[in-house]
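The values are calculated or read from the model by the stated rules, or taken from the named source; none is laboratory data. Bear in mind that the values here come from a model prediction, so they are computed numbers and not experimental data. Neighbour counts are summed over all protein chains in view; Cβ atoms, including those assigned to glycine, are modelled from backbone coordinates with ideal geometry.
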Amino acid sequence: MEKFKELGLTGEILKGIADLGFEQPTPIQEKVIPVVLEGENDLVALAQTGTGKTAAFGLPLLQKLDTSCRDVQVLILSPTRELCMQIGKDLQNYSKYCPDIKVICVYGGTDIRRQMKDIAKGCHVLVATPGRLCDLIKREAVSIGNVWAVVLDEADEMLNMGFKEDLNFILDETPEARKTYLFSATMPREVERIAKTYLRHPQEISTGKKNQGADTVTHEYYQVRAKDCYETLRRVIDCAPDMYAIIFTRTKVDARDIARKLHKDGIDCDALHGDLSQAQRDDVMERFRSKRLKVLVATDVAARGLDVDNLTHVINYNLPEDIESYTHRSGRTGRAGREGISVAIINSREKGKLRRIEKTIKKEFQYREVPGGEEVCRAQLLWYADKVLAAEPKETLVKYQNELYEKFEHLTKEELLQKILSYEFGKLLKKYADVEDLNLPENERGDKKRDIKAKKESKAEEISAQFTTFTVNVGREDGFTPRDLLTIINENVPRKGLEIGSIRVFETNTKFEIDLGGLQRFASFFRNVSFNGLPFIPAEVKDRYGRGKDRERESFGRRRDSEPRWRSDKKRADKGKRGRFSEKKKGMGKTPRARKKR
Ligand code: AMP
């Protein structure tokens, strides 16, 4: 408490925060409280939610109120109804021992006439969403002509939500001499512009760097195939039995679908999105706040201003469109100095975006392996064991004790434990008995460029895997050419249209790839074949790529992926007999796919 006193707070306000258990001011409070108490300067404060910023502006403003006057003296603008209500509640708690202070919250989605009546009874601090306040001003239900302090809370969010015009209108209605305190988690250009227009020589205060996340948040990512994102999410949730989280999706359809699937999978969850009525939204929020829901699936828009403490995780089921939104999302965990985890589930193409986020938040994402079945089951069982150990024995159970002893009498301790755990976890153990490993191989986890390269390589590998490589004992020295090879194959192998890959003619031998398409004993078709008096003896090369030590001596047809493969059909071989090889090559210089298209 001493520290708060040193900052200039006194009497009843100190008593109020002592009741809340505040002992030390947070860094933003240390910086902001004296400035607001002095009342000399405007202020731009870069502060995340969860840093204690409500008390930072709220405590000194409450202390400075003149309760003998009934006018609105302090105006606090915030982007959403939830945030308004939260600020209102906080201010009422801080001013618990100042019964004369009147704090009123006004926001859209509720009866405006009741709000008008409340204001008419007298109001010192008005906490409002910009839209509803404009409405009230236009109806002349409120006057803000005597306001001496305006707080713009979550200014970036207010602009994101399209309140720019409303803000201009409201600020123009307040006296020029007012002091303006702007709080924002990020500082995009629009916010800077508002600050330049409406603030006079503001003092700048920051407890973090621009657009940078809280220090207590760890950023982790799972990289999986797009089709495995949901299964990964489920395992991540199942592996953290104490999780209390918001899952962010880009669209409301996703939010609804994922909530439905999770619910079906036995996880207590619901969705928050723009299609809900205010009553449905309140119901979902009430269940989430009271922790009857373990996870809430929400879109960015629906979650704006949503103020929930103690979140253990924020999960990005899709990375947000813009990087700033990531800061907002992850800022919902790791609040008030507590640890939090921000998880991103990304597919193989999103690594580049992840790197860009890292640059903005100046923090590295840690790669995490998707938990396997064993890990999930272990986490659940150990969590259960801890819960059992922590349970207080209930007196009332004593009267059933004898009967229960009798029932379990024939079981050893191990058998009893087995039975209880099987009963409790039977479903889970079955579900995770033999689950697939969802982790991508390392070469598929690279950045975008590397991803494309890996894709190409795996495609090339796939293609070469279909080919068998042979070496044959005739080469350039013997006047052997690729054309001769095609002719010999076509004349001696009964199956026509076999696809031939690369042909590499060396001094004394030749290597070629051929897709046998299940054809057995290929070499046996050449038993009595000779070339220029030499027996023609092909032999299979065991190396997958057919790249032996002769490679450096190759003289022709080293095929890169873009180079042609040839088809050994009879017609083409016949044509080869008639003309020069170069002519034949011209006609066949297409990839198999291009030829198929024709
Ligand atoms: P805010 O950033 O205003 O949303 O505050 C986040 C949370 O921190 C709220 O639950 C506050 O009650 C709590 N809080 C604010 N200031 C302090 C403090 N000095 N000591 C402990 N908790 C605080």
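Among the candidates Asp100, Asp111, Asp156, single out the residue that is in contact with a Ser or Thr (Cβ under 7 Å, 6 or more places away or on another chain), surrounded by fewer than 22 Cβ atoms within 10 Å (Cβ to Cβ) and of a type outside the set (Lys, Arg).
On the way: Asp111 fails: in contact with a Ser or Thr (Cβ under 7 Å, 6 or more places away or on another chain); Asp156 fails: surrounded by fewer than 22 Cβ atoms within 10 Å (Cβ to Cβ).
Selected residue: Asp100, the only one of Asp100, Asp111, Asp156 that is in contact with a Ser or Thr (Cβ under 7 Å, 6 or more places away or on another chain), surrounded by fewer than 22 Cβ atoms within 10 Å (Cβ to Cβ) and of a type outside the set (Lys, Arg).
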Regarding Lys5, is this residue part of a helix (DSSP H, G or I), within 16 Å of the ligand (Cβ to nearest atom), loosely packed, with under 14 Cβ neighbours inside 10 Å and charged (D, E, K, R)?
yes
Residue in region 319-332 that is farthest from Lys353 (Cα to Cα), counting only those that are at pLDDT 85 or above and touching a Leu at 6+ places or on another chain (Cβ under 8 Å):
Tyr326
Conditions: (1) within 25 Å of Ile87 (Cβ to Cβ); (2) more than 16 Å from the ligand (Cβ to nearest atom); (3) touching a residue at least 12 places away in the same chain (Cβ under 8 Å); (4) small (Gly, Ala, Ser). Ala279 meets all but one. Number of the miss?
(3)
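In region 310-328, how many are touching a residue at least 12 places away in the same chain (Cβ under 8 Å) and away from the ligand (no atom under 16 Å from the Cβ)?
At the first step, the residues of region 310-328 found to be touching a residue at least 12 places away in the same chain (Cβ under 8 Å) are 310-321, 323-328.
Okay, now just the ones that are also away from the ligand (no atom under 16 Å from the Cβ), so 313, 315-321, 323-326.
Count: 12.
So, Leu167, is that one modelled with pLDDT under 95 and among the hydrophobic types (A, V, I, L, M, F, W, C) or not? Quick ask: steps written out before the conclusion?
Numbers: modelled with pLDDT under 95: yes; among the hydrophobic types (A, V, I, L, M, F, W, C): yes.
Here the answer is yes, as Leu167 does meet what is asked.
A quick yes/no check of all residues on (1) charged (D, E, K, R); (2) in contact with a Phe, Trp or Tyr (Cβ under 9 Å, 6 or more places away or on another chain):
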| residue | (1), (2) |
| --- | --- |
| Ala155 | no, yes |
| Ile205 | no, no |
| Val217 | no, no |
| Ala226 | no, no |
| Asp242 | yes, yes |
| Arg250 | yes, yes |
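Look at Thr487 and say whether it is in contact with a helix residue (DSSP H, G or I) (Cβ under 8 Å, 6 or more places away or on another chain) and under 17 Å from Val541 (Cβ atoms).
Working: in contact with a helix residue (DSSP H, G or I) (Cβ under 8 Å, 6 or more places away or on another chain): yes; under 17 Å from Val541 (Cβ atoms): no.
For Thr487, the condition - in contact with a helix residue (DSSP H, G or I) (Cβ under 8 Å, 6 or more places away or on another chain) and under 17 Å from Val541 (Cβ atoms) - is not met.
Is it true that Ile144 is part of a helix (DSSP H, G or I) and modelled with pLDDT of 95 or more? Walk me through it before giving the result.
Numbers: part of a helix (DSSP H, G or I): no; modelled with pLDDT of 95 or more: yes.
For Ile144, the condition - part of a helix (DSSP H, G or I) and modelled with pLDDT of 95 or more - is not met.
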Residue match in region 377-391 (condition: surrounded by 18 or more Cβ atoms within 10 Å (Cβ to Cβ), more than 13 Å from the chain's Cα centre (by Cα), at pLDDT 90 or above and closer than 20 Å to Val435 by Cβ):
yes
Could you please find all residues in region 271-323 being touching a Pro at 6+ places or on another chain (Cβ under 8 Å) and part of a loop (DSSP other than H, G, I, E, B)?
Arg304, Gly305
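If you take the residues in region 8-21 that are touching a helix residue (DSSP H, G or I) at 6+ places or on another chain (Cβ under 7 Å) and in a helix (DSSP H, G or I), which one is surrounded by the fewest Cβ atoms within 10 Å (Cβ to Cβ)? Spell out the reasoning first.
Of all residues in region 8-21, those touching a helix residue (DSSP H, G or I) at 6+ places or on another chain (Cβ under 7 Å) come to 8-10, 13-14, 16-17, 20.
The next check asks that each one be in a helix (DSSP H, G or I); those that pass are 13-14, 16-17.
Details: Ile13: 22, Leu14: 18, Gly16: 21, Ile17: 21.
Once the filter is applied, the top-ranked residue is Leu14.
Hey, among the residues in region 320-353 that are among the aliphatic types (A, V, I, L, M) and touching a strand residue (DSSP E or B) at 6+ places or on another chain (Cβ under 6 Å), which one's nearest to Tyr244 (Cα to Cα)?
Our first condition is that a residue be among the aliphatic types (A, V, I, L, M); within region 320-353, this holds for 323, 336, 341, 343-346.
Next cut, touching a strand residue (DSSP E or B) at 6+ places or on another chain (Cβ under 6 Å) only: 341, 343-346.
Details: Ile341: 11, Val343: 13, Ala344: 16, Ile345: 17, Ile346: 21 Å.
Ranking the qualifying residues of region 320-353, first place goes to Ile341.
Yes/no matrix, rows are residues, columns are (1) surrounded by fewer than 22 Cβ atoms within 10 Å (Cβ to Cβ); (2) closer than 17 Å to Ser342 by Cα:
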{"position": "Cys229", "(1), (2)": "yes, yes"}
{"position": "Ala245", "(1), (2)": "no, yes"}
{"position": "Arg250", "(1), (2)": "yes, yes"}
{"position": "Lys264", "(1), (2)": "yes, no"}
{"position": "Ser277", "(1), (2)": "yes, no"}
{"position": "Arg287", "(1), (2)": "yes, no"}
{"position": "Asn310", "(1), (2)": "yes, yes"}
What tally of residues in region 17-27 results from selecting those that are within 13 Å of Pro60 (Cβ to Cβ) and in contact (Cβ under 8 Å) with a residue 40 or more places away in the chain?
1
Boolean, Val106 is over 23 Å from Ala185 (Cβ atoms), crowded, with 21+ Cβ neighbours inside 10 Å and in contact with a Cys (Cβ under 8 Å, 6 or more places away or on another chain):
yes
Give the number of residues within region 24-35 that are closer than 21 Å to Leu171 by Cβ and surrounded by fewer than 24 Cβ atoms within 10 Å (Cβ to Cβ).
1
Among the residues of region 298-309, is any more than 30 Å from Leu382 (Cβ to Cβ), within 16 Å of the ligand (Cβ to nearest atom) and touching a His at 6+ places or on another chain (Cβ under 9 Å)?
yes
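So, in region 312-343, how many residues would count as being polar (S, T, N, Q) and at positive phi? Spell out how you get there, then give the answer.
First, the residues of region 312-343 that are polar (S, T, N, Q): 312, 316, 318, 325, 327, 330, 333, 342.
Still in the running and at positive phi: none.
Here the count works out to 0.
Residue check: is Thr360 within 16 Å of the ligand (Cβ to nearest atom) and β-branched (Val, Ile, Thr)?
Working: within 16 Å of the ligand (Cβ to nearest atom): no; β-branched (Val, Ile, Thr): yes.
No; evaluated as a whole, the condition is false for this residue.
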